[in-house]
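Here is the structure we will look at.
The values are calculated or read from the model by the stated rules, or taken from the named source; none is laboratory data. If you're wondering where the values come from, they're calculated on a predicted model, not measured in any experiment. With ideal geometry, Cβ positions are generated from the backbone for all residues, glycine too; neighbour counts draw on all protein chains shown.
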Amino acid sequence: MGELAAEKHVQYILSVEKRKDDLISVAMEHLRMNGAYWGLTTLDLLGKLETVDVDEVVSWVMECQHESGGYGGNIGHDPHILYTLSAVQILALFDKLNVLDVEKVTNYIAQLQNQDGSFSGDIWGEVDTRFSYIALCCLSILHRLDKINVEKAVSYIVSCKNLDGGFGSTPGGESHAGQIFCCVGALAITGSLHHIDKDLLGWWLCERQVKSGGLNGRPEKLPDDFPILNIQD
Amino acid sequence: MHGRPRKDPKPEDAAASVAKAEKLRSLQSQFLSNHHKKIYTNEALEVSAKLLEVNPEYYTAWNFRKLAVEHRLSQSDSDPDSIKSIFSEELKVVESALKQNFKSYGAWHHRKWVLSKGHSSIDHEMRLLDRYQKLDPRNFHAWDYRRFVAALMNRSEVDELRYTTDMINSNFSNYSAWHNRSILLSNLLQRKVQGFFPKEVVLNEEYELVHQAIFTDPDDQSGWFYYLWLLDQTVKADAPLLVSSWPARDSNLIILEDQCLDDCALSPFNTFHSDSGTFPLIVYFNQAVEGVNSSTISVESVLNANSELTWKPLSTNNSPAAQVWVTYLNYPKVDVHSEAYPVEVSIGHSGGIISSSGFHYSHPSRFAFKVFARPVKTPIGHGGDIISWQDGNFALYETSPEEPNPTISLDQLNIKDDNEKTSSEWRAETIANEIALFQELLSEISCKIGKLTLARLLKARDLLLSPCANKMVYSEEVINLYSDLRTLDPPHSQFYKDEHSLTLLQQITSTRESLLRYCFLHGDGTSSFIGNSMCLRLNNLSLSRMGSIERLLWVQMLDLSHNELRSIEGLEAMQLLSCLNLSNNKLCGFTALGPLRLLKSLKVLDISCNQIGSHSIDTTRYLCSSPLCHTEEIDWGRDETVTGDVNLANYWEAFVIFRGLSLTQLDIVGNAVADEKLKSFLVKIVPTLKWLDGGELH
C-alpha cells in the first residue's frame, strides 16, 4: 500500500481556494462556505491549517452572516442552516468561536425548529433530517443544546427510521447513506443511539460496499466517491 | 460529477469555458443586485429564470422567486386567471430546472411550495411524476414528491400500494418501490384497514411476490431486504413480554451472608452471597420498555412494602427505557434457619409498561419464589484473599438430579389466547415453508444472502419452538452456515462472527446438560473447594459478543477470558456478578466497559491483556453515556480535588467507568494505556481497591 501524497493534496486545496473564475467555481460559488469547510478540515487533518491566512478566512466568513444570525453560502447569498454550520465549524477549526455572537446564531437555528421537532433549512420551510443533524451539531459545538427541544428533535429523527434500519430525509423517505450519516450523528450527539437497531443498520451499511471496494449510497446503485462516514462499530 | 473520468480540457474547450464562466458570473451578479434591491420586474424575473435554468443549485434564486410571487400576489387583484398564470410560470421554471438536474433539492422544494399555495392540477403532477419515475425509478426526490402529492390530494394508501405493485412487476430490482411498499403496508396493517386484516393473509401474498423477485435474480438486493422485513413482520412479538427473571420462577432462594458453606445440599444456582442486607429482583423483557414502577409491577412479600420499592432501568446511556429493570428487596437477619418467605410478583395487571415502539405490556402474569435466610457464622471479611483465575483453581461442577434447572424460561407465563394460538401456528407453518424453499434454492446456487436468510429462518424457528422444546434443533446447521459465510463473504466476517457467538451461546444455555459443561467450582487451589463459588467459564470460545444473558442472570462469577470480545453489551443485566474475567479479549477502550458501571456488586475485575489505549479511534465512545454525547456531566472543578494532581481530562473515560465501582481487585496489565500514572489515578478513585495487578496495596 502506498503512502498518502499529503503535500499534493495541500497544494491542490490551496489552488482551489485561489481559483474563483473558472466555470465550475462560478457555478458553485453559492456553496463556497461548504467547500471552505471541507478544504480547511482536510488541511487540518494533514496538519497544514497554518498555510492559509486565518484572518482573511475569518473575515470572509463573517461577511457572509445575515442580520437574522444565519450564514449564506457566499457574500450576498441568503442565509441557510447548511452554511451556518459550515461557518461555525470553520471558526471552531481556527479556535475563533469568540468572534461569534453566539446568541444570534443560536436564535437563528432555534427558530428553524418546527412543532414536530423537525428543522427547516431556512425560512422557506424545506424539512429534511440533514437539517436536524446540522442544528444539533452546530448547537453542540456552541454548547447551546438547551435552546431547542432535543427530545422532539430526536423523536422526529426516529420517525424517519425505516424498516431496513436506515433513515430517510422525511418520514417514509428511502434509506440513503448520506441521510443515515446525519441521523446517526444526530442521535450520537444527543446520546440516543439506543433507538438504532445496530445489527440491522450495520448490515445494511456494510452492504453498501461493492466488489470494487467502493461504496454506494443505496442498494443497487453505483459506487460514489462521496465517502460515507458513520459512527458505528 | 459522478462516474466521469477527469481529463485535461482541450484549448478550444478551455476558451469556451472561460467565456461561459464570464457569462454566468455576470448573470449571477445581475441577479444578486436585483435581489438585494428587491426588484421584481419582468426583466428581473427573466434573469432569475435564466439563472435557474443553467444553475438550479443557486438556491438564493429560488428564494427570490418566492419573494417575487408573494410580491406579485399582493399586487394583483385576486383575479383567478392572473394568479393561475403566476403559479404556472413558477412550475415551468421548475420543470426547466429539473431538465438540467432532476435531483435539485431547490427545484423540487419550490414545486412543493407552489402547490401548497393551493394552485394545483393534481393530475398534471401525477403525470409529471410518472414521466420522471420512468426515467429513473430510483429517484428519491420523485418518490418524496409523490408522497407529498398523494397526501395533498388524499390519495388512498391502497392506490399507492397498487402503484408500487405495478413498479415492482415491471422491474423487480426497484428497491425504492419495495421500500415504499413496506411503509404503506405497515400503515395499512397497523390500522387494520379493511382488506388488510388479518395480517397473515396479506403477508402470505407478499411472500409470493417477493419469492418471484428473489428467484428471478438472487443477486439483486432489493427483494432480499424486503424479505427480511417480511420475516420480521412474521416473527416479531409487538407487545413486550417478560422473558426471564431473577430470582427465577418457583425457585427457592437462599441468601448466604456466610463465606463458609457446610451444607452440600445447597445448589449454587439458587444461593446468593450478600452482606448488604438486600438482594436484587431482576425482570428481563424481550425489548426495551418504560414505565416499570411499583404501580405497574407489584411485589407482595413480608420483606418489603410494595410502595417503597423503586425500580431502576438498566440502561448504559441514561435512557428511561431498558430491557432489564431491577429493584432491591430486604432479607431478614435470622438466628436459626429461617422459614420460607414467599414473594409474589405480579406484572401487567395495570397498564403503564410500554415499549419504545409504543406497544403496551398486555399479558397479566404472575410468578413467585421463596426466600430463605441463613444465620451468619463467619461473616465475609472485606476484600478477602486474592482471586486467581488459573485453571488449577477450577473443578467441574458435579450436579445432582434434584438440582433446580437454571435454564427455565418464563415463556409459559405468557397466556396465549385463541387469536394468539392461530397466529403462532401460522408463524410456525410459514417459517417451515420458507426454510424448505431456501434449502432447495441453496442446493442449486451458492448465494450469500440466501445463506444468511436461511440462517435467520432457522434461528427464528428455534426461537419459536424453544419454550416447549427447550432445545435448539437447528443450531448446528446455523453455526455451519455462519462458518460458510465467513469464507464466502470475508468483508462481513465480523458480523458473521458475532452471529456465530450468539448462536453458540444460545446452544450452550439451552439445556441443563449443555450449560453444566461450563460450570466449575472455584477454590484456592487446595483440594477443598470451599463455599459456593461457582464460576461459569466461557473462555476460549472465540466469542466476539455476549448473548443469552436472560438465561444467565444467576451468574456471580464469570470467566470470559481468551475470547475476542470487543464489547460487553448486555452484561449490565448480570446484577449478581461479583467476579469477572475479561482478560485476553479485544476491548479497545474504557468506554467499552460502560455496562460495568451498573454492576454494583462487582468486586473482582480482570481486564488485562486487552487493547485499551492501542487505538487512536474509540469505536464504542458514543454507545455509552459520556460528556461527548451530552448525557453525562463531569464537574471538572469539583472532581479535581478527588483526583489530586492528575489532569482529569486525560483520564475522563477511566474516571467515568471506575468512580462508581467498589472493586477490591483489579488487573489491568497488558494494555497500552496502563502506565504508572494511570494506575496511581485508579488507586485514588477506587478507595476500596486492595489488589492491583497481583500486588497488594497498602
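Values as computed for the structure displayed
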{"item": "In region B:8-49, the residues that are more than 14 Å from chain A (Cβ to nearest Cβ) and either more than 18 Å from B:ARG72 (Cβ to Cβ) or exposed (fewer than 14 other Cβ atoms within 10 Å of the Cβ) (or both)", "result": "B:LYS10, B:PRO11, B:GLU12, B:THR41, B:ASN42, B:GLU43, B:GLU46"}
{"item": "Complete set of residues in region B:56-91 that are away from every other protein chain (no Cβ under 14 Å) and of a type in the set (A, V, I, L, M, F, W, C)", "result": "B:LEU73, B:ILE83, B:ILE86, B:PHE87, B:LEU91"}
{"item": "Unmet requirement for B:GLY531, which otherwise passes all of (1) at pLDDT below 90; (2) in a helix (DSSP H, G or I); (3) among the small types (Gly, Ala, Ser)", "result": "(2)"}
{"item": "Residue that is crowded, with 22+ Cβ neighbours inside 10 Å, within 14 Å of chain A (Cβ to nearest Cβ) and either over 22 Å from B:SER245 (Cβ atoms) or of a type outside the set (Val, Ile, Thr) (or both), where the choices are B:LEU560, B:LEU485, B:LEU481", "result": "B:LEU485"}
{"item": "Single unsatisfied condition, A:GLY213 versus (1) small (Gly, Ala, Ser); (2) more than 10 Å from every other protein chain (Cβ to nearest Cβ); (3) surrounded by fewer than 20 Cβ atoms within 10 Å (Cβ to Cβ)", "result": "(2)"}
{"item": "Residues of region A:3-37 satisfying the condition of being exposed (fewer than 14 other Cβ atoms within 10 Å of the Cβ) and either within 11 Å of chain B (Cβ to nearest Cβ) or closer than 30 Å to B:ASN63 by Cβ (or both)", "result": "A:LYS18, A:ARG19, A:LYS20, A:ASP21, A:ILE24"}
{"item": "Among residues of region B:167-187, those that are among the small types (Gly, Ala, Ser) and assigned to a loop (DSSP other than H, G, I, E, B), counted", "result": "1"}
{"item": "Selected residue (criterion: farthest from A:GLY73 (Cα to Cα)) from residues of region A:15-52 that are assigned to a helix (DSSP H, G or I) and small (Gly, Ala, Ser)", "result": "A:SER15"}
{"item": "Enumeration of residues in region A:157-203 that are charged (D, E, K, R) and outside any loop (DSSP other than H, G, I, E, B)", "result": "A:LYS161, A:LYS198, A:ASP199"}
{"item": "Test result for B:VAL336, outside the structural domain of B:MET557 (by TED's automatic domain parsing) and crowded, with 17+ Cβ neighbours inside 10 Å", "result": "no"}
{"item": "Residue match in region B:462-476 (condition: closer than 19 Å to B:THR509 by Cα and modelled with pLDDT of 85 or more)", "result": "yes"}
{"item": "From B:ASP136, B:ASP144, residue being within 14 Å of chain A (Cβ to nearest Cβ), loosely packed, with under 14 Cβ neighbours inside 10 Å and of a type in the set (D, E, K, R)", "result": "B:ASP136"}
{"item": "Single unsatisfied condition, A:SER192 versus (1) within 28 Å of B:LYS103 (Cβ to Cβ); (2) out of contact with any Leu (no Cβ under 6 Å at 6 or more places or on another chain); (3) among the hydroxyl-bearing types (Ser, Thr, Tyr)", "result": "(1)"}
{"item": "Residue count for region B:231-241, restricted to those that are out of contact with any Asp or Glu (no Cβ under 9 Å at 6 or more places or on another chain) and either in a helix (DSSP H, G or I) or more than 13 Å from chain A (Cβ to nearest Cβ) (or both)", "result": "6"}
{"item": "Conditions (1) modelled with pLDDT under 90; (2) at the interface with another protein chain (Cβ under 7 Å from one of its Cβ atoms); (3) more than 17 Å from B:LEU623 (Cα to Cα); number of the one not met by A:THR170", "result": "(1)"}
{"item": "Residues being touching an Asp or Glu at 6+ places or on another chain (Cβ under 7 Å), within 11 Å of chain A (Cβ to nearest Cβ) and either surrounded by fewer than 18 Cβ atoms within 10 Å (Cβ to Cβ) or without any contact (Cβ under 8 Å) to a residue 12 or more places away in the chain (or both) - total across region B:305-320", "result": "1"}
{"item": "Failed item in (1) of a type outside the set (S, T, N, Q); (2) in contact (Cβ under 8 Å) with a residue 24 or more places away in the chain; (3) exposed (fewer than 15 other Cβ atoms within 10 Å of the Cβ); (4) outside any helix (DSSP H, G or I), with B:PHE102 passing the rest", "result": "(3)"}
{"item": "Where B:TYR622 falls short, out of the listed (1) part of a helix (DSSP H, G or I); (2) touching a residue at least 24 places away in the same chain (Cβ under 8 Å)", "result": "(2)"}
{"item": "Residues of region B:207-220 satisfying the condition of being surrounded by fewer than 20 Cβ atoms within 10 Å (Cβ to Cβ) and part of a helix (DSSP H, G or I)", "result": "B:TYR207, B:GLU208, B:LEU209, B:HIS211, B:GLN212, B:PHE215, B:THR216"}
{"item": "Some residue of region B:171-188 being more than 12 Å from chain A (Cβ to nearest Cβ), modelled with pLDDT under 90 and closer than 24 Å to B:PHE225 by Cβ", "result": "yes"}
{"item": "Yes/no for B:VAL158 being assigned to a loop (DSSP other than H, G, I, E, B), of a type in the set (A, V, I, L, M) and away from every other protein chain (no Cβ under 14 Å)", "result": "no"}
{"item": "Inter-residue pairs, beta-carbon under 7 Å, first within 8 Å of chain B (Cβ to nearest Cβ) and over 21 Å from B:GLN287 (Cα atoms) and in region A:189-209, second part of a loop (DSSP other than H, G, I, E, B) and acidic (Asp, Glu), 6+ apart", "result": "A:TRP204/A:ASP164"}
{"item": "When residues of region B:337-386 are limited to those that are part of a loop (DSSP other than H, G, I, E, B) and in contact with a Lys or Arg (Cβ under 6 Å, 6 or more places away or on another chain), the one modelled with the lowest pLDDT", "result": "B:GLY383"}
{"item": "Qualifying residue in region B:120-137 (condition: in a helix (DSSP H, G or I), among the hydroxyl-bearing types (Ser, Thr, Tyr) and touching a strand residue (DSSP E or B) at 6+ places or on another chain (Cβ under 7 Å))", "result": "no"}
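Okay, residues lined up against (1) within 14 Å of chain A (Cβ to nearest Cβ); (2) in a loop (DSSP other than H, G, I, E, B); (3) in contact with an Asp or Glu (Cβ under 6 Å, 6 or more places away or on another chain); (4) of a type in the set (A, V, I, L, M, F, W, C):
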site	(1), (2), (3), (4)
B:VAL202	no, no, no, yes
B:PHE225	yes, no, yes, yes
B:TRP229	yes, no, no, yes
B:SER245	no, no, no, no
B:ALA248	no, yes, no, yes
B:PHE272	no, no, no, yes
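Residue-by-condition table, conditions (1) within 29 Å of B:LEU623 (Cα to Cα); (2) within 14 Å of chain A (Cβ to nearest Cβ):
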position: B:SER267; (1), (2): no, no
position: B:SER276; (1), (2): no, no
position: B:SER294; (1), (2): no, no
position: B:THR327; (1), (2): yes, no
position: B:LYS333; (1), (2): no, no
position: B:VAL345; (1), (2): no, no
position: B:SER357; (1), (2): yes, yes
position: B:HIS360; (1), (2): yes, no
position: B:PRO364; (1), (2): no, no
